[in-house]
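Engineer: Got a structure for you, questions after.
The values are calculated or read from the model by the stated rules, or taken from the named source; none is laboratory data. Predicted model only: the values in this text are computed from it and were never measured. Here the Cβ positions follow ideal geometry from the backbone for every residue, glycine too, while neighbour counts run over all protein chains shown. In case anyone asks, the SASA skips ligands and DNA or RNA and just uses the protein heavy atoms, side chains included. Shrake-Rupley method; radii C 1.70, N 1.55, O 1.52, S 1.80 Å.
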Amino acid sequence: SVQELEKIFQDKVDQEIKIEPKDWMPDAYRKTLVRQISQHAHSEIVGMLPEGNWISRAPSLKRKAILLAKVQDEAGHGLYLYSAVETLGTTRNQTIEDLHSGKAKYSSIFNYPTLTWADIGAIGWLVDGAAILNQVMLCRASYGPYARAMVRICKEESFHQRQGFEILLVLSKGTPEQQAMCQDAINRWWWPSLMMFGPKDSESTHSDQSMTWKIKRKSNDELRQQFVDMIVEQAKILNVTLPDPALQWNAERGHYDFGEIDWVEFWNVVKGNGPCNKQRLEARRKAWDEGAWVRDAAAAHAEKRKARQEV
Ligand code: FAQ
């Protein structure tokens with residue numbers, strides 16, 4: 001019976017045995033994975049856009065080569081994750097259609113504009129920094145293909161974070177204008193980075209169930225706190241401030257206290273009304289349409305090869 005299957009499934013999860021594509025799993029588990037992994041894949045792909053904006057304007061050939069490599073890594077992450085979604089029985093076309101129709105979400109962070117070169121540093125330091133904390137726990141997710149994809153992704157993300165930090169370190173030791181540019185980028189990316197971890201635990205609809213299924217291992221607020229504690233220390237090395245007057249060490253808790261996130265802004269961006277939501281979706285739809293001939297040609301080529309082999 002379904003109850004028996006569910007018990008066997010949960011026992012496996014509790015014993016840290018990975019769930020694999022052909023194993024029985026509850027429909028709701030499958031649905032939650034498709035939701036989260038596809039959102040994650042879309043975030044990687046849409047996340048290429050704000051940085052792509054600076055590839056042609058990077059300040060040196062070396063910076064350009066590094067940024068190109070980083071953005072290509074993100075394409076790779078998106079592809080592993082779309083493949084992980086396919087193992088759950090949802091086609092890539094369906095997943096991509098859900099993004100283009102506005103049905104699927106992707107991380108709120110990628111709906112903010114990249115105004116200066118320092119934004120590329122701030123994205124690497126803060127956005128990749130937040131992404132890593134979240135993804136390190138996902139390396140232990142109960143679903144095998146997702147967990148395994150995360151291991152490689154985390155290695156690449158740590159390179160991304162270092163390159164961002166290094167961009168800011170150079171700016172922070174530069175001219176007064178460069179220092180101001182560095183501080184301005186941090187001021188604009190700080191709060192949106194905190195929002196990446198999702199709503200407060202008390203407002204998080206999926207957390208409890210995802211923790212029981214060991215998809216998530218730490219709650220949104222736990223990870224957000226870990227991020228604040230880590231970044232405050234790194235900010236000292238950069239000699240920059242974080243735009244939160246409430247930020248203060250709390251010896252009793254052993255953590256930094258911080259101010260309240262603007263949740264109205266968060267939900268507004270999640271619902272499609274952030275500064276760049278429309279632009280991002282339009283860019284993805286355009287790329288999909290303009291790439292149709294490549295997909296058709298690749299499929300025709302594969303058909304021909306197959307026919308030749310069959311002879
Ligand atoms: N933006 O119940 P919860 C990257 C939605 S890193 C938009 O707490 P859950 C690397 C949530 O989907 C970024 N929507 O949800 C990179 C749910 O809506 P639904 C991607 C958000 O799933 C760096 C509702 O709110 N990383 O791409 C956001 O338990 C630099 C209720 O929330 C991942 O996706 C948000 N910030 O926890 C690339 C990691 N937060 O689906 C380029 C995997 C929440 O019911 C450059 N995902 N929502 O309609 C996760 O770990 C989880 O899904 C959370 C949310 C933690 C994001």
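Engineer: What does the charge count near Asn250 come to, summing +1 for each Lys or Arg and -1 for each Asp or Glu among other residues with Cβ under 13 Å from its Cβ?
Structural biologist: It works out to a net charge of -2.
Engineer: So, with +1 on the Cβ of K and R and -1 on the Cβ of D and E, and no other charges, what is the size of the charge dipole of the chain about its Cα centre, to the nearest 20 debye?
Structural biologist: Roughly 1080 debye, rounded to the nearest 20.
Engineer: Anything in the chain that counts as a DSSP H helix reaching 24 Å or more along its axis (C-alpha) with Kyte-Doolittle mean of at least -1.0? List them, would you?
Structural biologist: 27-46, 61-86, 144-172, 176-195, 220-238
Engineer: Next question, about the same structure. Magnitude of the Cβ-charge dipole of segment 1-144, K/R +1 and D/E -1, about the Cα centre, nearest 20 debye?
Structural biologist: The calculated dipole for segment 1-144 is roughly 500 debye.
Engineer: Roughly speaking, what is the stretch gain from Glu282 to Lys200, that is 0.36 nm per residue apart minus the C-alpha to C-alpha distance, in nm to one decimal?
Structural biologist: So the extension gain works out to 26.5 nm.
Engineer: What is the gain in length, in nm to one decimal, between Asp296 and Ala180 on full extension, counting 0.36 nm per residue of separation less the C-alpha to C-alpha distance?
Structural biologist: Extending this stretch completely gives an extra 36.9 nm.
Engineer: Take the solvent-accessible surface of the protein heavy atoms, probe 1.4 Å, and return the percent of it on segment 117-250 that carbon and sulfur atoms account for.
Structural biologist: 55 percent
Engineer: Right, here's the next one. If you stretched the chain out fully between Asn93 and Arg35, how much longer would it get, using 0.36 nm times the residue separation minus the C-alpha to C-alpha distance?
Structural biologist: Full extension of this stretch gives 19.4 nm more.
Engineer: Take the alpha carbon gyration tensor of the chain, find the square roots of its eigenvalues, order them as a ≥ b ≥ c, and report rounded if a/c is under 1.5; if not, report prolate when a/b exceeds b/c, else oblate.
Structural biologist: Verdict is oblate for the chain.
Engineer: Continuing with this model, one more query. Give the accessible surface of segment 1-127 per residue, rounded to a whole number of Å², with probe radius 1.4 Å and ligands, DNA and RNA excluded.
Structural biologist: 46 Å²
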